[in-house]
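Below you'll find the structure, written out as structure tokens, and then a few comments.
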Amino acid sequence: MTANRTTRLDGLHRLLLATLAVTLALSCAANAAVIYVSTSGNDEADGASWASAKRTIQAGIDAAVCGDEVWVAAGTYAERLTHKSGVRLYGGFEGDEDTRDERDFLNCISEIDGQTRGAVVTVPTGADLSTLIDGFTITNGIGASQGNVRYGGGIYALDACVTVENCVIVANAAAQGAGLYCNSEIVLKNNHFKENGSPNCINGGAALLLFGRVAVHGNTFTSNRAVYGGALALAHGSGEVSLNTFLGNSSQVGGGVYNYGLSHPLIRQNTFTGNTAYSGGGVGCNGCRGEVTANLFTGNSALSSGGAVYLVNGATSTVSNNVMTGCVAQSDFGGAVASTRANPSIVNNTMVGNTAARGGGGVAYLESGGGTLSNNIIAFCSSGVYGGTGTQPALRTNAFYQNSEGDLAGVSEGPGNVLADPAFADRAAGDYHLQEGSPCIDAATNTDAPAADFDSTLRPLDGDASGEATADIGAFEAPAAVIVYDMNIGEVKSAFPDGTVVGFKNVVVSACFTELGFIYVQRQDRGAGIRVETTAAVSEGQLVYVAGTLQTVPGQDERSVLSSEVSPVTPETLSNDVLAPVLMAQEYLGGAAFGLQQGVIGCTGLNNIGLLAMVFGKVTFVDPGGQFFTVWDGSRVKDADGHDGVRVWAPGLTLPAVDAFITVTGISSCTRAGETLLPLVRVRSSADIQSLWGSGLPPAP
């Protein structure tokens, strides 16, 4: 790569420019103006409306100040522009819109034609990222001259930041960055770069991005050409290149992307299809670090080595979670990946159906170096892994299957390999997720595996229900195995600590308080019940399966399940008394402590917290706020305020009067008052409060 900065700022100069950019951005007018431009306009007009639009885009820019917008109607504008810092340039208007959201830049084309006279758009030195170019077709630029070299055919940003969105940058030429050149921070979003560059373009057929932080998201790069980086050339910078499509670009090194020098951007979740190069059909990494992760490489080719990815000259990049299929090294090595004089980490990739003429249909190590090759699937390739003289890669826990010329040549096998069909979900359709029972599930080395997979699913998961989470081999982590537990509620509450994963089959829903975020379930024999934190739509009397994590409700000391699943089960024949409450005297309500489930003060007998129960007696107190009342059957029980009896929680319901004799059906629960745990009945509906005699409740209708 031979891109030399002819204007190189020292540290102080660069700091002053950055400070000036921030100061200018903060000083931009709060009430931005709009300047209108149309092919039917007049540069002598004020540009304050479509009716008084200016004729040229440059006149609109000249009339704008920092923070203003320039709206450009559809048409062809044969001019070369000098942008202005902090001005936002928008194309794609029909010419009668009142708001920017009304524009249709896909169908109303605002084209800027540079007429092969220089750079189409020049961004001024010191501009910041608020400087915007949005919704234009930019074409026929040949770049700005620095000495005898031209830079930035379509857009030229020397020591300037810029944001470019929703543009088509097409048929531009320059020796460095045919479509775009920038040596500062840049944002490229939702643009289409096509047919830029030529065999004479040295770096970056679509764009050459140097020194700054890059954010390249959601763009399409089609049929661009250069010697290095058919589409993108990156050097000495950082940032992210993500969610882009690279299609049919070509170069000597890095048909899609060329990453050079101290550059360490994250290249993730892109699609590379049909790109070609002498080395590195999709991506070429020269002496750089960074990550190439979770990308899809299909049908890329290298005349020499590295059909998908080529790593050279000390590159320590991480190549992970990629799917590489149908890639070709036509005359040499590394159908998917080739590494020479480099030490990359190549982990958790899925390489299927790649070919190389001389070896390493999956991965090839050439000359010297090595690195790590771990957790990869290499299947249905012309061959597996090739190691040249002097290479020392460390292999472990890879999967090899039906590689026609063998799995390994010139490298040590390493531990933990899988030599069986990886059991892809649908190889013919290009679905390389793992089927249930795949030998690659839970077979990888956790310490090598990235924290998430191709789909951004966190790993490791326990895919084989072994009770231990281990990463899978390949780019895709299989879902955690579904474990159906069938545990005893009473035993769980008494013996299992908080944090335990538990499950109960064929339990019956005894109460629904979904507006409060929980329900209660109990065994069909009414032996035990438990609270379940969930908002699942279930109904009382329904049989369900419950799974989740055991916890103790803060401030109540009631064991409960923080549910991850509440699902109906096929109904079974239930006895008529499954939902019948257990009638009990108040001195037994709540019961004594049972293992880890605390008991209520002064109560004896079996612990019954969580069960549907019935108590009876006289109402001794009614909350003036209408939330609860207290009922007493003569037992030696008092509520938190010292009233005789057990508190009944019934917010929103019609409460009985003091001295009424009633029965109450509800969940046997508990509540804490200071250091004392007291019994509590949770009523489900008004029907749970029935009058025995007295004046407590209104008569039934």
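The values are calculated or read from the model by the stated rules, or taken from the named source; none is laboratory data. All values reported here derive from a predicted model rather than from experimental measurement. Using ideal geometry, Cβ is built from the backbone for each residue, glycine included, and neighbour counts are taken over all protein chains shown. Protein only, heavy atoms only, side chains kept; ligands, DNA and RNA dropped before computing areas. Shrake-Rupley method; radii C 1.70, N 1.55, O 1.52, S 1.80 Å.
Condition test on Ser263, is it part of a strand (DSSP E or B), of a type in the set (S, T, N, Q), buried (at least 24 other Cβ atoms within 10 Å of the Cβ) and in contact with a Gly (Cβ under 7 Å, 6 or more places away or on another chain)? Talk me through it step by step, then tell me what you get.
On the way: part of a strand (DSSP E or B): no; of a type in the set (S, T, N, Q): yes; buried (at least 24 other Cβ atoms within 10 Å of the Cβ): yes; in contact with a Gly (Cβ under 7 Å, 6 or more places away or on another chain): yes.
Criteria not met by Ser263.
Those residues that are assigned to a loop (DSSP other than H, G, I, E, B) and either out of contact with any Leu (no Cβ under 8 Å at 6 or more places or on another chain) or hydroxyl-bearing (Ser, Thr, Tyr) (or both), I need them from the stretch 680-695; list them, please.
From the stretch 680-695, those assigned to a loop (DSSP other than H, G, I, E, B) are 683-685, 694-695; that's our starting set.
Arg684, Ser685, Gly694, Ser695, listed by residue number.
Are any residues in the stretch 159-206 over 20 Å from Ser250 (Cβ atoms), in a loop (DSSP other than H, G, I, E, B) and in contact with a strand residue (DSSP E or B) (Cβ under 7 Å, 6 or more places away or on another chain), and if so, which ones?
Selection gives Ala160, Cys161, Asn166, Cys167, Asn183, Ser184, Glu185, Asn190.
Matching residues to (1) under 49 Å from the mean Cα position of the chain (by Cα); (2) modelled with pLDDT of 95 or more; (3) farther than 24 Å from Gly527 by Cα; (4) crowded, with 22+ Cβ neighbours inside 10 Å:
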position: Val631; (1), (2), (3), (4): no, yes, yes, yes
position: Asp639; (1), (2), (3), (4): no, no, yes, yes
position: Val664; (1), (2), (3), (4): no, yes, no, yes
position: Cys670; (1), (2), (3), (4): yes, no, no, yes
position: Thr676; (1), (2), (3), (4): yes, no, yes, no
position: Pro679; (1), (2), (3), (4): yes, no, no, yes
position: Leu697; (1), (2), (3), (4): no, no, yes, no
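Please go through (1) in contact (Cβ under 8 Å) with a residue 24 or more places away in the chain; (2) open to solvent by less than 60 Å² (accessible area, probe 1.4 Å); (3) closer than 30 Å to Gln269 by Cβ for Leu461 and return the number of the only condition it doesn't satisfy.
Leu461 satisfies all of (1) in contact (Cβ under 8 Å) with a residue 24 or more places away in the chain; (2) open to solvent by less than 60 Å² (accessible area, probe 1.4 Å); (3) closer than 30 Å to Gln269 by Cβ except (1).
Go through (1) closer than 14 Å to Val216 by Cβ; (2) open to solvent by 10 Å² or more (accessible area, probe 1.4 Å) one by one and return the number of the condition Gly179 breaks.
Here Gly179 meets the rest and fails (2).
For the stretch 245-258, indicate whether the set of residues that are open to solvent by 10 Å² or more (accessible area, probe 1.4 Å), part of a strand (DSSP E or B), in contact with a Phe, Trp or Tyr (Cβ under 6 Å, 6 or more places away or on another chain) and of a type in the set (Phe, Trp, Tyr) is non-empty.
no
Given the condition of a type outside the set (Lys, Arg) and within 46 Å of the chain's Cα centre (by Cα), answer yes or no: does some residue in the stretch 652-661 qualify?
Taking every residue of the stretch 652-661 in turn, at least one turns out to be of a type outside the set (Lys, Arg) and within 46 Å of the chain's Cα centre (by Cα).
Scanning the stretch 137-158 for residues that are in a loop (DSSP other than H, G, I, E, B) and on the phi < 0 side of the Ramachandran plot, which turns out most open to solvent (accessible area, probe 1.4 Å)? Before you say what the answer is, go through the steps one by one.
Keep residues of the stretch 137-158 that are in a loop (DSSP other than H, G, I, E, B), which gives 140-143, 147-148, 152-154, 158.
With the extra rule that they be on the phi < 0 side of the Ramachandran plot, the set shrinks to 141-142, 148, 153-154, 158.
On the way: Gly141: 2, Ile142: 43, Asn148: 151, Gly153: 0, Gly154: 0, Leu158: 23 Å².
Among those that are in a loop (DSSP other than H, G, I, E, B) and on the phi < 0 side of the Ramachandran plot, it is Asn148.
Of all residues in the stretch 182-199, which are surrounded by fewer than 24 Cβ atoms within 10 Å (Cβ to Cβ) and either touching a residue at least 60 places away in the same chain (Cβ under 8 Å) or within 29 Å of the chain's Cα centre (by Cα) (or both)?
First, pick out the residues of the stretch 182-199 that are surrounded by fewer than 24 Cβ atoms within 10 Å (Cβ to Cβ): 185, 187, 189-190, 192, 194-195, 198-199.
Listed by number, the residues that qualify are Glu185, Val187, Lys189, Asn190, His192, Lys194.
Going by the structure shown, is Asp455 outside any strand (DSSP E or B), open to solvent by 50 Å² or more (accessible area, probe 1.4 Å), more than 20 Å from Thr298 (Cα to Cα) and touching a Phe, Trp or Tyr at 6+ places or on another chain (Cβ under 9 Å)?
Numbers: outside any strand (DSSP E or B): yes; open to solvent by 50 Å² or more (accessible area, probe 1.4 Å): yes; more than 20 Å from Thr298 (Cα to Cα): no; touching a Phe, Trp or Tyr at 6+ places or on another chain (Cβ under 9 Å): yes.
Criteria not met by Asp455.
Give just the number: which of (1) free of Cβ contacts under 8 Å to residues at least 40 places away in the same chain; (2) assigned to a strand (DSSP E or B); (3) not β-branched (Val, Ile, Thr) does Glu413 not satisfy?
Failing condition for Glu413: (2).
Contact list please: Cβ distance under 8 Å, first residue in the stretch 69-87 and in contact (Cβ under 8 Å) with a residue 60 or more places away in the chain, second residue of a type in the set (Lys, Arg), pairs at least six apart or on different chains.
Final answer for the pair search is Arg80/Arg117.
State whether one or more residues within the stretch 475-486 are touching an Asp or Glu at 6+ places or on another chain (Cβ under 9 Å), loosely packed, with under 13 Cβ neighbours inside 10 Å, modelled with pLDDT of 95 or more and not β-branched (Val, Ile, Thr).
Checked the stretch 475-486: no residue is touching an Asp or Glu at 6+ places or on another chain (Cβ under 9 Å), loosely packed, with under 13 Cβ neighbours inside 10 Å, modelled with pLDDT of 95 or more and not β-branched (Val, Ile, Thr).
Residues in the stretch 356-382 that are surrounded by fewer than 23 Cβ atoms within 10 Å (Cβ to Cβ) and farther than 21 Å from Glu291 by Cβ: how many?
6
For (1) over 30 Å from the mean Cα position of the chain (by Cα); (2) not in a loop (DSSP other than H, G, I, E, B), each residue gets a yes or a no:
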site: Ser331; (1), (2): yes, no
site: Arg341; (1), (2): yes, yes
site: Met351; (1), (2): no, yes
site: Ser368; (1), (2): yes, yes
site: Leu373; (1), (2): no, yes
site: Cys381; (1), (2): yes, no
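Determine whether the stretch 595-612 contains at least one residue that is of a type in the set (Ser, Thr, Tyr) and assigned to a loop (DSSP other than H, G, I, E, B).
Step one: list which residues in the stretch 595-612 are of a type in the set (Ser, Thr, Tyr), which gives 604.
The next check asks that each one be assigned to a loop (DSSP other than H, G, I, E, B); those that pass are 604.
Yes, there is a match, as at least one residue in the stretch 595-612 is of a type in the set (Ser, Thr, Tyr) and assigned to a loop (DSSP other than H, G, I, E, B).
Going by what's in this entry, would Leu596 be described as open to solvent by 50 Å² or more (accessible area, probe 1.4 Å) and in contact (Cβ under 8 Å) with a residue 60 or more places away in the chain?
Numbers: open to solvent by 50 Å² or more (accessible area, probe 1.4 Å): yes; in contact (Cβ under 8 Å) with a residue 60 or more places away in the chain: yes.
Against the criterion (open to solvent by 50 Å² or more (accessible area, probe 1.4 Å) and in contact (Cβ under 8 Å) with a residue 60 or more places away in the chain), Leu596 qualifies.
How many residues are within 16 Å of Ala342 (Cα to Cα), over 27 Å from the mean Cα position of the chain (by Cα) and in a strand (DSSP E or B) if we restrict to the stretch 312-329?
The number of residues fulfilling the criteria is 1.
Of the numbered conditions (1) surrounded by fewer than 22 Cβ atoms within 10 Å (Cβ to Cβ); (2) assigned to a strand (DSSP E or B), Tyr520 satisfies every one except a single condition; which is it?
(1)
I'd like to check which strands (runs of 3 or more DSSP E) are fully inside the stretch 43-128 and have at least 1 residues that are in contact with a His (Cβ under 8 Å, 6 or more places away or on another chain) and polar (S, T, N, Q). Explain how you work it out, then say what you get.
Numbers: elements: 69-73, 75-77, 88-93, 110-113, 121-123.
In the stretch 43-128, the matching strands (runs of 3 or more DSSP E) lie at 121-123.
Thr125 fails exactly one of the following numbered conditions: (1) open to solvent by 40 Å² or more (accessible area, probe 1.4 Å); (2) among the hydroxyl-bearing types (Ser, Thr, Tyr); (3) farther than 23 Å from Gly204 by Cα. What is the number of that condition?
Thr125 satisfies all of (1) open to solvent by 40 Å² or more (accessible area, probe 1.4 Å); (2) among the hydroxyl-bearing types (Ser, Thr, Tyr); (3) farther than 23 Å from Gly204 by Cα except (3).
Select from the stretch 77-116 the residues that are at negative phi, open to solvent by less than 20 Å² (accessible area, probe 1.4 Å) and not charged (D, E, K, R) and list them in ascending order. Give the derivation first.
Residues of the stretch 77-116 at negative phi: 77-85, 87-91, 93-94, 96-114.
Those left that are additionally open to solvent by less than 20 Å² (accessible area, probe 1.4 Å): 77, 81, 83, 87, 89-91, 93, 97, 110, 112, 114.
Across the stretch 77-116, the qualifying residues are Tyr77, Leu81, His83, Val87, Leu89, Tyr90, Gly91, Phe93, Ser110, Ile112, Gly114.
So in the stretch 523-542, with the set limited to residues that are open to solvent by 30 Å² or more (accessible area, probe 1.4 Å) and in contact with a Cys (Cβ under 8 Å, 6 or more places away or on another chain), which one is farthest from Gly490 (Cα to Cα)? Before the answer, list the steps.
From the stretch 523-542, those open to solvent by 30 Å² or more (accessible area, probe 1.4 Å) are 523-527, 533, 535, 537, 539-540, 542; that's our starting set.
Add one more test, that the residue is in contact with a Cys (Cβ under 8 Å, 6 or more places away or on another chain), and what stays is 539-540.
On the way: Ser539: 22, Glu540: 20 Å.
Out of the qualifying residues, it is Ser539.
How many residues does the stretch 553-583 contain that are at pLDDT 90 or above and on the phi > 0 side of the Ramachandran plot?
0
So which residues in the stretch 641-662 are hydrophobic (A, V, I, L, M, F, W, C), open to solvent by 30 Å² or more (accessible area, probe 1.4 Å) and in contact with a Lys or Arg (Cβ under 8 Å, 6 or more places away or on another chain)? Spell out the reasoning first.
Initial filter on the stretch 641-662 (hydrophobic (A, V, I, L, M, F, W, C)): 646, 648-650, 653, 655, 657-658, 660-662.
From what is left, the residues that are open to solvent by 30 Å² or more (accessible area, probe 1.4 Å) are 649, 653, 655, 657-658, 661.
Once the filter is applied, which keeps residues that are hydrophobic (A, V, I, L, M, F, W, C), open to solvent by 30 Å² or more (accessible area, probe 1.4 Å) and in contact with a Lys or Arg (Cβ under 8 Å, 6 or more places away or on another chain), the stretch 641-662 yields Trp649, Phe661.
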